[in-house]
Every structure is written in structure tokens, then in C-alpha cells.
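Written out below as C-alpha cells is the structure these notes cover.
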């Protein structure tokens, strides 16, 4: 089986750009003029140090090493995968060309690219086994995917997988995995396993931890509001936050946002939570809303939970039990 590489673009925010332009890319635009097959790691390190003398040596070496790997180790015909944290999906493709410098894409964070033929189907993170999910959690921009995880991604089977043994040939030792990113992804896995009603109560619990009193709509038609949060609990005092929660696979589109906004009053504030993320049209719909509007993806939900976890009540903690750890800064 061909080698598979993970390439993350700006933490996953370039996922759709990769798909639309048929490429993968990395940062470090300063090294773009040096993108030549066979260039040494030392040459890239020296060029980076000259371009950014204010950076620490460790940062310079790490950045140059990632660019070197992108140029020299990834081969035409290798598999490549990228991840969308917002949508919890993986996009898989095949590398079709050598590394190139595209200075006209520098402002988009895509100055150093490789062309890719992407598969149409995406793979949900929830369809992967625990071992595969854990081994894909590193925040390195470029890394080799362990064989067991690569096989699961390529098979794209529906439904959860049993845990697979660790791949001894992986170049990502467990001790080197980014613990913070690993923790965030595991928290998202826990929330993804909740049912829709539980996620509504989780959101309400976070809002209570933020200082609001909440009223969760009973099961049944809710007329576009799953939760009402306000200082008094009745919605009489401002701010009155009306919340809609959608816990499902797939992005929420603009029509859902329009329906939600259509039922709001002038003094309302809107919070729309979609654990499947939002389409570009939905983001545009929220931007031009006539009322203050905030969108939460699963990433945003996890950030809010972690930030306010100490203030959450026992009911909320039972749904997503977490333990604080300390690590040398």
C-alpha cells in the first residue's frame, strides 16, 4: 500500500480550499523560493533563519523540517489526507505532482503546494476506531499516517471500528503526540456520542456556567428555539439569547439559518449550534443577520465547555466527565 500523509492547512481551516483548488499546501511562505526537489534540510534551515532571525532556533528547525518533508519525502502517487475539525471529516486523495511555489496564493496561506486528485467521498471521524482516531490527532502540519489508520481511512467503512493494534512503523511516537489536540479531539468524540437531547442540555449547562439562567424546550415542536437563556430565566431581561441546537452529521445550510432567523424578535440574540458544522452560505447568512448572531461548531462547543468547565454544574459534568492535568509549560 502506498504511503499516506496527513497535511493540515492552517489547523484545518483550508480544508475546503484544498478541495476546490485540487491541492494540499503548507505555510512557511518565506521558503517558497527554495522549493526545489532535493534541497537539503540544512539549506532550508539556513534560509529560514536568514528570513526570520527573530525566531527561536527550535522553531526554525521545526519549520524547515516540515517544508523539507513536504518537498522531498512525499512522492507522486502517495495518498494524502486532510482534516476538518469543524466538520469532523477527512478528505482523502492522491498526490499528482511535485512541490511548487505559488506566490499568488501567499495571502491565502497556500504558497507551497502539491497538486492532488481528491476522492469525492469524505470519511467521518466517528466511523474510525479509537486507535485510528488517536493516531490522527497530532497537530504537526505534515506527518506519515500509521498503516492501520491509513487502511481504515481508505476502506471508508460505515460504523465504528474495533480498536486496532498500534503500528510500530509509525513515525509519530505516542509520547510526541500533541496532548492538547488529542484531548480536544477526545472530548469531541465524547460529545459526538451523546444523543441530540443530551447535547441540548450540555449547551444549556455551558450557558449556565457563563452566568445565564436557561429554559430548555420540552420534547416536541420548539418553534425554532431549543433553549432560551437570559439573566432572569424568563427572557424578560436583556440579553435574551435564543438557541437552536442541531446534533447530526453534515453541515447546516443557509435555509436552516433563514428559518431560525425568521422567528426571532428585534431584541433577540441568536446562538445556533451545529455539531456538523456550517456551509459557506450559512456563514454568509449569519453575517448579514439583522440580529446579533453567533454560530457554534463542535470545535466552538468544546472550547466553551473547557473554558467554563470548572463553573459547570454536576449534571453537565456527568455528561462529559473531564479531569485536569498539568504539563510543564
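The values are calculated or read from the model by the stated rules, or taken from the named source; none is laboratory data. All values reported here derive from a predicted model rather than from experimental measurement. With ideal geometry, Cβ positions are generated from the backbone for all residues, glycine too; neighbour counts draw on all protein chains shown.
Computed values, structure above
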item: Verdict on residue 306 being buried (at least 20 other Cβ atoms within 10 Å of the Cβ), within 18 Å of residue 204 (Cα to Cα) and either touching a helix residue (DSSP H, G or I) at 6+ places or on another chain (Cβ under 8 Å) or without any contact (Cβ under 8 Å) to a residue 40 or more places away in the chain (or both); result: no
item: Yes/no for residue 242 being crowded, with 18+ Cβ neighbours inside 10 Å, within 30 Å of the chain's Cα centre (by Cα), in contact (Cβ under 8 Å) with a residue 24 or more places away in the chain and over 25 Å from residue 126 (Cβ atoms); result: yes
item: Any hit, segment 155-173, residues being farther than 30 Å from residue 225 by Cβ, assigned to a helix (DSSP H, G or I) and either in contact with a strand residue (DSSP E or B) (Cβ under 6 Å, 6 or more places away or on another chain) or modelled with pLDDT of 85 or more (or both); result: yes
item: Where residue 87 falls short, out of the listed (1) modelled with pLDDT of 90 or more; (2) surrounded by 18 or more Cβ atoms within 10 Å (Cβ to Cβ); (3) under 17 Å from residue 119 (Cβ atoms); result: (1)
item: Qualifying positions in segment 212-249 - closer than 27 Å to residue 87 by Cα, part of a loop (DSSP other than H, G, I, E, B) and in contact with a strand residue (DSSP E or B) (Cβ under 9 Å, 6 or more places away or on another chain); result: 217, 222, 224, 225, 226, 247, 248, 249
item: The listed residue being free of Cβ contacts under 8 Å to residues at least 12 places away in the same chain, closer than 29 Å to residue 295 by Cβ and outside any strand (DSSP E or B), out of 126, 107; result: 107
item: Criterion: in a strand (DSSP E or B), closer than 30 Å to residue 16 by Cα and under 18 Å from the mean Cα position of the chain (by Cα) - qualifying residue of 305, 301, 283, 295; result: 295
item: Any hit, segment 28-37, residues being within 26 Å of residue 149 (Cα to Cα), within 21 Å of the chain's Cα centre (by Cα) and surrounded by 16 or more Cβ atoms within 10 Å (Cβ to Cβ); result: no
item: Test: residue 183 is at pLDDT below 95, closer than 29 Å to residue 303 by Cβ and either not in a helix (DSSP H, G or I) or not assigned by TED's automatic domain parsing to the domain that holds residue 37 (or both); result: yes
item: Close pairs (9 angstrom Cβ cut-off, 6 or more residues apart or separate chains): touching a residue at least 40 places away in the same chain (Cβ under 8 Å) and in the same structural domain as residue 273 (by TED's automatic domain parsing) in segment 245-263, part of a loop (DSSP other than H, G, I, E, B) and surrounded by fewer than 13 Cβ atoms within 10 Å (Cβ to Cβ) anywhere; result: 247/195; 263/223
item: Single condition residue 294 does not satisfy, out of (1) at pLDDT 90 or above; (2) buried (at least 20 other Cβ atoms within 10 Å of the Cβ); result: (2)
item: Test for residue 68: is it surrounded by fewer than 22 Cβ atoms within 10 Å (Cβ to Cβ), more than 23 Å from residue 154 (Cβ to Cβ) and in contact with a helix residue (DSSP H, G or I) (Cβ under 6 Å, 6 or more places away or on another chain); result: yes
item: Failed condition for residue 50, given (1) surrounded by 14 or more Cβ atoms within 10 Å (Cβ to Cβ); (2) over 19 Å from residue 5 (Cβ atoms); result: (1)
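Let's see how each residue does on (1) in a loop (DSSP other than H, G, I, E, B); (2) closer than 16 Å to residue 106 by Cα:
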| position | (1), (2) |
| --- | --- |
| 16 | no, no |
| 39 | yes, no |
| 55 | yes, no |
| 61 | no, no |
| 67 | no, yes |
| 72 | no, no |
